[in-house]
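**Q** Before we start, here is the structure in question, set down as structure tokens.
The values are calculated or read from the model by the stated rules, or taken from the named source; none is laboratory data. Fair warning: this is a prediction, and the values are worked out from it, not measured in the lab. Cβ sites come from the backbone with ideal geometry, for glycine too, and all protein chains shown count toward neighbours. Each accessible area value is taken on the protein alone, full model and side chains, heavy atoms only, with ligands, DNA and RNA left out. Shrake-Rupley method; radii C 1.70, N 1.55, O 1.52, S 1.80 Å.
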Amino acid sequence: MEWLSFEGWVLMVISVCAVCACKALMVKREEKGVEREGEGFVIPRGSWGWPLIGETLEFIASGYTSRPVSFMEKRKSLYGDVFRTNILGKAIVVSTDPDVSKMILLNHGNDAFIPCYPKSITELLGKSSILQMNGPLHKRVHALIGVFLKSTSLKARITRDIEKVIRLSLSSWMDKSYHVHLQDETKKITFEILVRVLMSIGPGDEMECLKREFEEFIKGLICLPVNLPGTRLYKSLKAKERLLKIVGKIVTERKMATEKNEEKGMPNDAIDVLLRDSGESDGMQEHRLPLDFISGNIIEMMIPGEETMPTAMTLAVKFLTDNPVALAHLVEENMELRKRKVQSSEEYSWHDYMSLPFTQNVINETLRLANIINAVWRKALKDVKIKGYLIPKGWCVMTSFSSVHMDETNYENPNEFDPWRWKEIGAAANSNIFTPFGGGQRLCPGLELSRLQISIFLHHLVTTYRLSAQKDEIIYFPTVRMKRKLPITVTPLEQ
């Protein structure tokens, strides 16, 4: 995603002020009800900040620091684990309490909360987006993709596919004199893998065209919500139109091929899964998903391949190269697995990679410390009462994952990269104090696939090369990434 220039920053501040001014009266009306109490439930304490703009500027400014949770920490110390604020003209309840956040996530879809995202995201993804859809349709699509990604047949095939992509990518580094920008390389890897899973497309002109248009499309996810010629949102919407034509053509051709072939067999990819479902599991006979709906959501499912996954892989390497002891431990564990495979002449399996304990601990710690998905936003459809708090109807709620992950009551020395902590935490990795993939009904269906990709990448990286990284720093706003794309130098172990 784009990094704002000084002019862009000024424009964003002006736009923020304008948006907040338009919404000020709405917040004022909501403010009158702040002292409202009922049955022992109270609206969280907090501050509305400055007139018109609220606390928006301080919220944004914290994202440019090395401690983006400072905004939450300051208010948490003043008002408690759950507090209210005003950001972008919205009355918002922020939860840094893992129990409250869990209840909010679990109550999603039960006539209590619906998704609430910035306008640029809703404009770009559209009303039929899986991110915004709610109720039975969301459950249906989420379940279809989740079951497919966990299927035994896919696990065996996708493990081989990921290995092939990663090995080919690592070998190409020799042509670059062993000096690469890791963030760019991991983006190439994860995008190719995800497009295989979603559409069964391999390397070639079609893949390059998809990647080029998708990169233009995704730049608009976090931008000023102004759809005029020349603006970022306008360019991204045009890129989406071109993407819909490309993906729509693939979906249509697949539908025609499926209708001709009576023997369906196992689905090869996400397109097959969505095309074949008739909706009978929801009690709706022959209620098939529209082709444009499938195309739009296939594009949306490509987002992790461009942002979240490559960032996680890159930061894992950064944290490891900053901690030589942890890196040595990881290398030892993975070299032992490689040795066993060479001696037995067996292929690697999904289980082999996922059963590396220290490697999985490194992944956990990377996800905790990086906070790539730092929060989710919901909107209350009615007055909601949780743990003594009252969340008024119409207010937005932000469940702050990063605040929980960086809280010293949950993790000792939370700012340190310490994979060994997970040996002691154990089952807590699946509790409400560790939510890198979200939670509730919207728990990421691809979480196991994500872990597999990182595991395979780390395994083949450290069993192929010795590596050292140049000094670089993490940028947290508007998205998490490396300032210099993490330049690394690798040396083949064979030399």
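**Q** Over the alpha carbons of the stretch 50-200, what is the largest minus smallest coordinate on each principal axis, giving the biggest first in Å?
**A** Each principal axis gives a Cα extent; for the stretch 50-200 these are 56, 45, 31 Å.
**Q** Would you calculate a helix-derived [θ] at 222 nm for the chain, using -39,500 (n - 2.57) for each DSSP H run of n ≥ 4 and dividing by the full residue count, to the nearest 500?
**A** Value at 222 nm, helices only, nearest 500: -16500 deg cm²/dmol.
**Q** In the stretch 95-164, what is the volume of the convex hull around the alpha carbon atoms, normalised per residue and reported in Å³?
**A** Convex hull of Cα atoms, per residue: 167 Å³.
**Q** Size of the dipole of the chain about the Cα centre, Lys and Arg at +1 and Asp and Glu at -1 on the beta carbon, nothing else charged, in debye to 20?
**A** 920
**Q** Taking the Cα centre of the chain as the origin and placing charges on Cβ (Lys, Arg +1; Asp, Glu -1), which of Pro436, Gly230, Leu124 is farthest toward the positive end of the dipole?
**A** With unit charges placed on the Cβ atoms, the residue in question is Gly230.
**Q** Of the accessible area of the chain, with the probe set at 1.4 angstrom, what percent is carbon plus sulfur?
**A** Carbon and sulfur together cover 55 percent of it.
**Q** Shifting gears a bit: Under 5 Å between amide H atoms, partner at least 5 residues away or on a different chain: which partners does Met482 have, H built in plane at 1.01 Å?
**A** When sequence neighbours closer than 5 places are left aside, the close amide H contacts are Ile475.
**Q** Here's another thing I want to ask about it. Decide, for the stretch 307-390, between rounded, prolate and oblate: order the square roots of the alpha carbon gyration tensor eigenvalues as a ≥ b ≥ c, take rounded if a/c falls under 1.5, and otherwise choose prolate if a/b is larger than b/c, else oblate.
**A** Prolate.
**Q** Could you report the stretch 153-204's accessible area per residue, 1.4 Å probe, as an integer in Å²?
**A** 41
**Q** Okay, next question. In sequence order, what are the phi-derived ³J(HN,Hα) couplings for the stretch 76-87 according to the Karplus relation 6.51 cos²θ - 1.76 cosθ + 1.60 with θ = phi - 60°, rounded to whole Hz, with x for glycine and proline?
**A** 4, 5, 8, 10, x, 5, 10, 9, 10, 8, 10, 10
**Q** Would you mind classifying the stretch 337-459 by shape? Square roots of the alpha carbon gyration tensor eigenvalues, ordered a ≥ b ≥ c; an a/c under 1.5 is rounded, otherwise it is prolate if a/b is larger than b/c and oblate if not.
**A** Verdict is prolate for the stretch 337-459.
**Q** So what's the stretch 321-362 giving for Cα Rg divided by 2.2 N^0.38 Å, two decimals?
**A** 1.24
**Q** What's log10 of I(q)/I(0) for the stretch 301-347 at q = 0.14, 0.27, 0.30 Å⁻¹, Debye sum over Cα points only, no solvent?
**A** The computed values of log10 I(q)/I(0) come out as -0.55, -0.85, -0.94.
**Q** Using Stokes-Einstein with the Kirkwood hydrodynamic radius over Cα pairs, what translational diffusion coefficient do you get for the stretch 206-268 at 37 °C and a viscosity of 0.692 mPa s, in µm²/s rounded to a whole number?
**A** It diffuses with D of about 242 µm²/s by this estimate.
**Q** Can you pull the percent of Cα pairs in the stretch 398-495 with separation above 23 Å?
**A** 46
**Q** Which of the pairs Lys240/Lys483; Lys164/Lys235; Lys150/Lys385 have their Cα atoms more than 32 Å apart in this structure?
**A** Lys164/Lys235; Lys150/Lys385
**Q** Mind jotting down the distance between the C-alpha centroids of the stretch 40-95 and the stretch 341-392, whole Å?
**A** Their Cα centres are 25 Å away from one another.
**Q** Spelling out what I want: for every residue of the stretch 231-244, take phi, set θ = phi - 60°, compute 6.51 cos²θ - 1.76 cosθ + 1.60 (Karplus), and round to whole Hz; glycine and proline get x.
**A** Here the 3J(HN,Hα) series is 7, 4, 4, 4, 4, 5, 5, 5, 5, 5, 4, 5, 5, 4 Hz.
**Q** Let me ask another. Taking only protein heavy atoms into account and a 1.4 Å probe, give the accessible area per residue of the stretch 303-409 in Å².
**A** Averaged over the residues of the stretch 303-409, the accessible area is 39 Å².
**Q** Next question. Among the DSSP beta bridges whose two residues both lie in the chain, what percent are antiparallel, rounded to the nearest 5?
**A** DSSP beta bridges in the chain are roughly 80 percent antiparallel.
**Q** Work out from phi, with θ = phi - 60° and the Karplus expression 6.51 cos²θ - 1.76 cosθ + 1.60, the ³J(HN,Hα) of each residue of the stretch 265-274, listed in order in whole Hz, and give x for Gly and Pro.
**A** Coupling constants for the stretch 265-274: x, 7, x, 8, 7, 5, 4, 4, 4, 6 Hz.
**Q** Between Lys379 and residues 5 or more places away or on another chain, which pairs have amide H atoms under 5 Å apart, with H built 1.01 Å from N, and which residues are they?
**A** Those lying under 5 Å, H to H, from Lys379 are Ile114, Cys116, Val397.
**Q** If you wrap the stretch 40-130's Cα atoms in a convex hull and average its projection over all directions, what's the area in nm²?
**A** Hull-based average projected area comes out at 7.8 nm².
**Q** Run through every distinct alpha carbon pair of the stretch 366-426 and return the Kirkwood hydrodynamic radius in angstroms, one decimal place.
**A** 13.6
**Q** How would the stretch 264-403 be classified by its alpha-carbon gyration tensor: rounded, prolate or oblate, with rounded meaning a/c under 1.5 and the a/b versus b/c comparison settling the rest?
**A** oblate
**Q** Turning to a different aspect of this structure: What whole number of Å gives the distance from the Cα centroid of the stretch 163-213 to the Cα centroid of the stretch 430-495?
**A** Here the two parts' Cα centres lie 15 Å apart.
**Q** Which entries in the list Lys76/Lys379; Lys76/Lys127; Lys219/Lys255; Lys155/Lys264; Lys119/Lys238 go over 25 Å, if you measure between the two C-alpha atoms of each?
**A** Listed pairs above 25 Å: Lys76/Lys127; Lys219/Lys255.
**Q** Give the value in nm², to one decimal: projected area of the alpha carbon convex hull of the chain, averaged over all directions.
**A** Mean shadow area of the hull around the Cα atoms is 25.2 nm².
**Q** Could you please tell me the mean projected area of the C-alpha convex hull for the stretch 166-290, averaged over all directions and given in square nanometres to one decimal?
**A** Across all orientations, the stretch 166-290 yields a mean hull projection of 11.3 nm².
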